[in-house]
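The values are calculated or read from the model by the stated rules, or taken from the named source; none is laboratory data. What you see is a predicted model, and the numbers here were worked out from it, not measured in a lab. As a convention, Cβ positions derive from the backbone with ideal geometry for all residues, glycine included, and neighbour counts pool all protein chains shown. Just the protein is used for accessible areas: all its heavy atoms, side chains included, with ligands, DNA and RNA removed. Shrake-Rupley method; radii C 1.70, N 1.55, O 1.52, S 1.80 Å.
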Amino acid sequence: SGATAALILVSLFGLVTAPTPSASSVTGLGGITAIDEDPTPVPVPSVPVPSVPVPSVPVPTASPAEDSVVKPVLIIERSKIATVVFGDSVVLSARVGIKQALGKISIDAEVGRQPKVIAQRIRIRRNEGRLGNTVIIHMGTNGIIQADDLKSILDELSDRIRVVVINDQVPRVWMKPNNQTIAALVPLYPNVRLADWATTSKGHKGWFAPDGVHLNQTGAIAFGAMINTALSAP
């Protein structure tokens, strides 16, 4: 029928795009649209090198321009880098609860963030030496998760000790296919665990803001506790 065709068209359009939430109106965001943070890094202790006498050789004096190019490099042990939580506005709304559950972590999240941008953020942090052994990812609030996009992210993180992927609880037509994609790919990676937010939050309407997506304080604490459980899973 014409009504059925119209419903299908609306659903298909919803798989591609989602309304971007207003950061000023969502509980827990407080007007913040993006966060890229790090706890204070801990430098690797330098190992003393025994001095060896060498012949004196005249060394040309470097010009001021050459001196300005040389910069000290801070090397951070991967094990000293805090857990990084990548995500979208759901992570922003839950950041306080996540920190209560996990302690010293880095939040790297933005309103409306898509999987391809999360992949970019992971590569940037890796190149900057800001990606530790433990990584947490939440995506899919704002549209469909393509299997190839998630696979490329998990491939990129295959050298990490523990990766947690959080599935979706969002009243949109893409929730079910997103969670199916996550459930299919997570078991293929020995270092990856699923944090099943869809099941954990089911029936807990009181954990959510009026939009049914973002979290209030109670929901944020539950969200953080669930992540902590997934991190310690065998």
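Go through region 199-230 and report how many residues are more than 27 Å from ARG162 (Cβ to Cβ) and of a type in the set (Lys, Arg). Spell out the reasoning first.
If we filter region 199-230 for residues that are more than 27 Å from ARG162 (Cβ to Cβ), which is where we start, we get 203, 205-206, 208-212, 216.
Checking the rest, the ones that are also of a type in the set (Lys, Arg) come to 205.
Adding up the residues that qualify gives 1.
Hey, among ILE144, ILE153, ILE137, ILE122, which residue is more than 13 Å from GLY87 (Cβ to Cβ), among the hydrophobic types (A, V, I, L, M, F, W, C) and at pLDDT 95 or above? Give the steps one after another, and end with the answer.
Working: ILE153 fails: more than 13 Å from GLY87 (Cβ to Cβ); ILE137 fails: more than 13 Å from GLY87 (Cβ to Cβ); ILE122 fails: more than 13 Å from GLY87 (Cβ to Cβ).
From the options ILE144, ILE153, ILE137, ILE122, the qualifying one is ILE144.
Here is a list of conditions, (1) modelled with pLDDT of 95 or more; (2) surrounded by 17 or more Cβ atoms within 10 Å (Cβ to Cβ); (3) part of a helix (DSSP H, G or I), and LEU92 meets all of them except one; can you say which number that is?
Going through (1) modelled with pLDDT of 95 or more; (2) surrounded by 17 or more Cβ atoms within 10 Å (Cβ to Cβ); (3) part of a helix (DSSP H, G or I) one by one, LEU92 breaks only (1).
So in region 145-172, with the set limited to residues that are among the β-branched types (Val, Ile, Thr) and more than 15 Å from VAL213 (Cα to Cα), which one is surrounded by the fewest Cβ atoms within 10 Å (Cβ to Cβ)? It would help to see each step written out before you state the result.
Let us first name the residues in region 145-172 that are among the β-branched types (Val, Ile, Thr), namely 145, 153, 161, 163-166, 170.
When the remaining residues are screened for being more than 15 Å from VAL213 (Cα to Cα), the result is 145, 153, 161, 163-165.
Working: ILE145: 23, ILE153: 24, ILE161: 12, VAL163: 22, VAL164: 24, VAL165: 26.
So, considering only residues that are among the β-branched types (Val, Ile, Thr) and more than 15 Å from VAL213 (Cα to Cα), the one surrounded by the fewest Cβ atoms within 10 Å (Cβ to Cβ) is ILE161.
Check LYS116, LYS104 and return the single one that is open to solvent by 50 Å² or more (accessible area, probe 1.4 Å), modelled with pLDDT under 95 and basic (Lys, Arg). Quick ask: steps written out before the conclusion?
Details: LYS116 fails: modelled with pLDDT under 95.
One residue alone meets the criteria, LYS104.
Hey, any hits in region 125-136 for a residue that's touching a strand residue (DSSP E or B) at 6+ places or on another chain (Cβ under 8 Å) and part of a helix (DSSP H, G or I)?
Just the residues of region 125-136 that are touching a strand residue (DSSP E or B) at 6+ places or on another chain (Cβ under 8 Å), to begin with: 125, 129-136.
Next, from what is left, pick out any that are part of a helix (DSSP H, G or I): 125.
The answer is yes, given that some residue of region 125-136 is touching a strand residue (DSSP E or B) at 6+ places or on another chain (Cβ under 8 Å) and part of a helix (DSSP H, G or I).
Here's a check for you: in region 199-221, which residue that is in a helix (DSSP H, G or I) and more than 18 Å from the chain's Cα centre (by Cα) is surrounded by the most Cβ atoms within 10 Å (Cβ to Cβ)? Spell out how you get there, then give the answer.
Pass one, region 199-221, residues in a helix (DSSP H, G or I): 199-200, 205-207, 217-221.
Within this subset, residues satisfying the condition of being more than 18 Å from the chain's Cα centre (by Cα) are 199-200, 205-207, 217-219.
Values: THR199: 13, THR200: 19, LYS205: 9, GLY206: 8, TRP207: 21, GLN217: 15, THR218: 13, GLY219: 25.
Applying the filter and picking the extreme gives GLY219.
Among the residues of region 173-198, write down those that are within 25 Å of GLY132 (Cβ to Cβ), assigned to a loop (DSSP other than H, G, I, E, B) and either of a type in the set (A, V, I, L, M, F, W, C) or open to solvent by 60 Å² or more (accessible area, probe 1.4 Å) (or both). Give the steps one after another, and end with the answer.
Initially, region 173-198 is screened for residues within 25 Å of GLY132 (Cβ to Cβ), giving 182, 185-197.
Restricting the remaining residues to those that are assigned to a loop (DSSP other than H, G, I, E, B) gives 189-191, 196.
Passing the criteria: only PRO190.
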